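First up is the structure itself, then whatever we jot down about it.
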Amino acid sequence: MKETSIQKINSLIEKGFEERSVADAKACCNSFLLAWEELVAQAPSAYTDFSALVAEFNQGEGYDWFAWIWDICEALDTASADHQECLTERLQFIDAFMERFPDTTDEDLVEILQRNLIKTNFLLGKDEEGAEAVATFYQFFPDSVWGYIEWGDALLKRTPADKEAALAIYRKGLTLKDDPGYLDVLKRRIRKV
């Protein structure tokens, strides 16, 4: 990647953070997605593991690109409260990331993307795609309660009628052997519902 491309990516990321700091969620998303498009356009095609790309081109200058991928998902989630199209943009972003960097080795990053895939599909009422995302998630993360948490959370945000379904999904997570702190997060959600 050329230094000018890296500077442009980092400049767009910084602009997104500035827009987020003044509560302009949609503009923040737009800047982040422009930075993503620039990264995809400029990243050498030999890099199919985002971890390797970051190790080569994101050391010491600019914002941490690993954290920024998380920020993109979070920003699109926040903006979706007022801009429903941001949910579709989040799906498109995750799909594009997985297609462009299918060999990404950073498990935390892969997990957060898979979790967002579950949540977003169910929020959009794409239950079949959401169920597929859950199945894929549990192939890679069989003991993580977060797949069930994201699924249940999405159902609770859809309609009051989904409350019982969300509870049943949360309870599935209680059978897993995840970190006790994460199980406590799940138990708090059950108590709250």
(message) For TRP36, only one of the following conditions fails: (1) in contact with a Ser or Thr (Cβ under 9 Å, 6 or more places away or on another chain); (2) modelled with pLDDT of 95 or more. What is its number?
(response) (1)
(request) Considering only segment 142-178, state which residues are within 21 Å of the chain's Cα centre (by Cα) and not in a helix (DSSP H, G or I). (result) PRO142, ASP143, SER144, VAL145, ASP178
(request) Taking only segment 1-40 into account, find how many residues are out of contact with any Phe, Trp or Tyr (no Cβ under 6 Å at 6 or more places or on another chain) and closer than 20 Å to SER80 by Cβ. (result) 20
(message) Considering only residues that are among the aliphatic types (A, V, I, L, M), surrounded by fewer than 21 Cβ atoms within 10 Å (Cβ to Cβ) and in a helix (DSSP H, G or I), which ones fall in segment 114-133?
(response) ALA131
(request) Keeping to segment 151-182, report how many residues are among the charged types (D, E, K, R) and open to solvent by less than 20 Å² (accessible area, probe 1.4 Å). (result) 0
(request) Could you identify the single residue in SER51, SER11 that is of a type in the set (Ser, Thr, Tyr) and open to solvent by less than 30 Å² (accessible area, probe 1.4 Å)? (result) SER51
(request) Any chance you could count how many residues in segment 75-94 are among the aliphatic types (A, V, I, L, M) and outside any helix (DSSP H, G or I)? (result) 1
(message) Between a residue in segment 97-113 that is surrounded by fewer than 11 Cβ atoms within 10 Å (Cβ to Cβ) and any residue that is of a type outside the set (S, T, N, Q) and part of a loop (DSSP other than H, G, I, E, B), which pairs come within a Cβ distance under 7 Å, given they are 6 or more apart or on different chains?
(response) ASP103/ASP49
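The values are calculated or read from the model by the stated rules, or taken from the named source; none is laboratory data. Remember, predicted model here, so these are calculated numbers, not experimental data. Positions of Cβ are generated from backbone atoms using ideal geometry, with glycine treated the same way; all protein chains shown enter the neighbour counts. When the accessible area is computed, the model is the full protein with side chains, heavy atoms only, and any ligands, DNA or RNA have been set aside. Shrake-Rupley method; radii C 1.70, N 1.55, O 1.52, S 1.80 Å.
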